[in-house]
Amino acid sequence: MLAMLNLKPFSSTTYAKYAKFINEKSSEIVKNIDAPAAVVEFYATKLNRKPDENGILDIDVSFDGSWHTRGHKSLLETGAIIDADTGLVLDYENLSKFCTKCNIKNAELKKKKITEEQHEKWTTEHASVCSTN
């Protein structure tokens, strides 16, 4: 597509930078949309469905997921739960089999730049923010 627009291709670093930027901005927008409340209102007004005595609303949803590349070798996937009637995304999850920071630390351990104890301590501290899931 870049060639058709007579644009130079960009590096994987530049791609990653813009992908991160788009992800952060789209996440901010999603946080400002109260999709569950909109769905509850839609079901109540248009379909006359109300939550049961436990506050649970029976809704119609679909799930869609997509891998970054074809086949079972892709490192990135995203999945979304979508309300069938409104088209609103109720929940989503980005999954990754890869963490750059983990790979760097593993390489440092392999090259003996850090000790096993330092690696274990770092791994424990990093677990809550690791992009591998």
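Out of the residues in region 13-43 meeting the condition of being among the small types (G, A, S) and under 19 Å from the mean Cα position of the chain (by Cα), tell me which one is nearest to D91 (Cα to Cα).
Pass one, region 13-43, residues among the small types (G, A, S): 16, 19, 26-27, 35, 37-38.
Still in the list and also under 19 Å from the mean Cα position of the chain (by Cα): 16, 19, 26-27, 35.
Working: A16: 24, A19: 20, S26: 13, S27: 12, A35: 9 Å.
In this case the residue turns out to be A35.
Taking region 6-39, which residues are part of a helix (DSSP H, G or I) and acidic (D, E)? Hits for region 6-39 are E24, E28. Filter region 9-40 down to residues that are touching a residue at least 24 places away in the same chain (Cβ under 8 Å) and among the β-branched types (V, I, T) and give me whichever is surrounded by the most Cβ atoms within 10 Å (Cβ to Cβ). The residue in question is V39. Taking residues in region 41-53 that are assigned by TED's automatic domain parsing to the domain that holds L90, and partners anywhere that are among the β-branched types (V, I, T), the pairs with Cβ atoms closer than 7 Å and at least 6 places apart or on different chains are F42/T86; Y43/I59. Is it the case, given these coordinates, that D58 is closer than 17 Å to I82 by Cβ, exposed (fewer than 12 other Cβ atoms within 10 Å of the Cβ) and either touching a residue at least 60 places away in the same chain (Cβ under 8 Å) or out of contact with any Asp or Glu (no Cβ under 8 Å at 6 or more places or on another chain) (or both)? So D58 fails the test. Name the residue, out of T78, T86, that is assigned by TED's automatic domain parsing to the domain that holds N23, assigned to a loop (DSSP other than H, G, I, E, B) and closer than 30 Å to A19 by Cα. Sole residue among the options that is assigned by TED's automatic domain parsing to the domain that holds N23, assigned to a loop (DSSP other than H, G, I, E, B) and closer than 30 Å to A19 by Cα: T86. Residues satisfying the criterion are absent from region 94-101 (criterion: surrounded by 11 or more Cβ atoms within 10 Å (Cβ to Cβ), over 14 Å from V129 (Cα atoms) and small (G, A, S)).
The values are calculated or read from the model by the stated rules, or taken from the named source; none is laboratory data. Nothing here was measured: the structure is a model prediction, and the numbers come from that model. So basically every Cβ, Gly included, is an ideal-geometry build from the backbone, and we count neighbours across all protein chains shown.
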